[in-house]
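Visitor: Provided herewith is a single structure, encoded as structure tokens, for subsequent inquiry.
The values are calculated or read from the model by the stated rules, or taken from the named source; none is laboratory data. Nothing here was measured: the structure is a model prediction, and the numbers come from that model. Because the Cβ atoms are built from the backbone with ideal geometry, glycine has one as well, and the counts that use them run over all protein chains shown. Each accessible area value is taken on the protein alone, full model and side chains, heavy atoms only, with ligands, DNA and RNA left out. Shrake-Rupley method; radii C 1.70, N 1.55, O 1.52, S 1.80 Å.
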Amino acid sequence: MPEPRLSVIVPVGPGETGIPSGLLADLRQIKGAWELIFVGCDPVAQQSLQQATRSIADCCSLRWLFAPAGRAQQMNLGATEARGEFLWFVHLDSRFSVELSEQLLINLQRYPERLHYCRLAFMNDGPASMGVNAWGANLRSRWLGVPFGDQGFALSRELFRSAGGYPEARYGEDHLLVWRLRQRGICLHECTRPLYTSARRYRNQGWIRLTLTYQWRWLRQALPELIRLIRLRYF
């Protein structure tokens, strides 16, 4: 099998007992030579999780890795072991079209020096008001340059490693990675095809409560990073 052009890295959180069949079906649509790396953190669930992904092993190079629980640690391990020229970090509850994967690969080849992300949309498994969240996230990404990890970050392996990978923070490792890259002068590029993510957490924890919690967290985390960016740019 030729060397993969793209490495898709999917972290699997604690308590996950299966891999969504919808995500596997979407992944099968990726064209060319590519590899798929799942990074789990629960050795007890290892056998059942690995068995659930055997159906996709015929169309890519499939590997399973295990790391201590923590999304940043898991994704960093996946990136360390990746062989592809480009890395695409995809969440377990994501869905996407073949048009998105094709557009993303074209964007990566045209602009390998940028951080790429996708336009966000929510599945129909949460509150009806999730359209407001998607609108706000896309506006924030486009005008403030702050996308989040559920928008499917993609970048060259070299760029990711030179930035030091995901900061191992208690939360917001994706948010912090964006700031680290921007502070290095890296530009962002939007894939205009939507990447769908589940809204179940908003349904389970309450739309207002979770929306306000996320807004407070990213704003509190962004302020010192913005100050650092301004200082690097003007002093």
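Visitor: In the range 78-235, what percentage of the DSSP-assigned beta bridges are antiparallel, given to the nearest 5?
Guide: Percentage antiparallel, nearest 5: 45.
Visitor: Would you work out the charge dipole size for the chain about its Cα centre, treating the Cβ of every Lys and Arg as +1 and the Cβ of every Asp and Glu as -1, and quote it to the nearest 20 debye?
Guide: Computed charge dipole of the chain: roughly 820 debye.
Visitor: To continue, here is another question. Which far-off residues, 5 or more places away or on another chain, put their amide H under 5 Å from the one on Glu168, with H placed in the peptide plane?
Guide: The list, which skips near neighbours in sequence, is empty: none.
Visitor: Can you pull the one-decimal nm distance between simple spin-label points at Ala169 and Ile208, each 7 Å off the Cα toward Cβ?
Guide: Rounded to a tenth, the inter-label distance reads 2.8 nm.
Visitor: Share of the range 64-194's accessible area from carbon and sulfur, percent, 1.4 Å?
Guide: 51
Visitor: Let me ask something additional. Taking a cut-off of 15 Å, what percent of all Cα-Cα pairs in the range 1-54 are separated by more than that?
Guide: 51
Visitor: How much length is gained if the chain between Glu158 and Arg220 is pulled fully straight, taking 0.36 nm per residue apart and subtracting their Cα-Cα distance, in nm to one decimal?
Guide: Between Glu158 and Arg220, full extension yields 19.4 nm more.
Visitor: Right, here's the next one. Could you derive backbone 3J(HN,Hα) for the range 181-196 from the dihedral phi with the Karplus parameters 6.51, -1.76 and 1.60 (θ = phi - 60°), listing whole Hz in sequence and x where the residue is Gly or Pro?
Guide: Values, residue by residue: 5, 5, 5, 8, x, 7, 8, 9, 9, 8, 8, 6, 6, x, 9, 8 Hz.
Visitor: Given bins 5 angstrom wide, list per bin the percent of all Cα-Cα distances in the range 102-189, short to long.
Guide: Distribution as computed: 3, 14, 23, 23, 19, 11, 5, 2, 0 percent.
Visitor: How large is the direction-averaged shadow of the alpha-carbon convex hull of the chain, in nm²?
Guide: If you wrap the Cα atoms of the chain in a convex hull and average its projections, you get 12.4 nm².
Visitor: One-quarter of the Cα convex hull surface for the range 1-128, in nm²? Walk me through the intermediate numbers first.
Guide: Details: hull surface 33.5 nm².
For the Cα atoms of the range 1-128, the hull's average projected area reads 8.4 nm².
Visitor: Extension gain Cys59-Arg200, at 0.36 nm per residue separation less the Cα-Cα distance, in nm?
Guide: Going from the current span to full extension adds 47.8 nm.
Visitor: Hey, another quick one. Compute the distance in nm between two label points, each set 7 Å from the Cα along the Cα-to-Cβ direction, one at Glu3 and one at Asp125.
Guide: Modelled inter-label distance: 3.7 nm.
Visitor: How large is the dipole of the range 1-137 about the Cα centre if only Lys and Arg carry +1 and Asp and Glu carry -1, each at its Cβ, rounded to the nearest 20 debye? Can you show the working numbers first?
Guide: Working: 11 positive and 13 negative charges, 34 e Å.
I would put it at about 160 debye.
Visitor: What residue among Leu212, Leu49, Leu104 has the largest mean-square fluctuation in a Gaussian network model of the chain, using Cα springs under 10 Å?
Guide: Its mean-square fluctuation being the largest, the pick is Leu212.
Visitor: When the solvent-accessible surface of protein heavy atoms is calculated with a 1.4 angstrom probe, in what order do Trp135, Trp143, Trp64, Trp207 fall, highest first?
Guide: Trp143, Trp135, Trp207, Trp64
Visitor: Dipole magnitude of the range 112-235 about its Cα centre, charges +1 at Lys/Arg Cβ and -1 at Asp/Glu Cβ only, in debye to the nearest 20?
Guide: Numbers: 20 positive and 9 negative charges, 52 e Å.
Roughly 260 debye, rounded to the nearest 20.
Visitor: Once label points are set 7 Å from the Cα along Cα→Cβ at both Trp143 and Ser48, what is their separation, rounded to one decimal in nm?
Guide: 4.6
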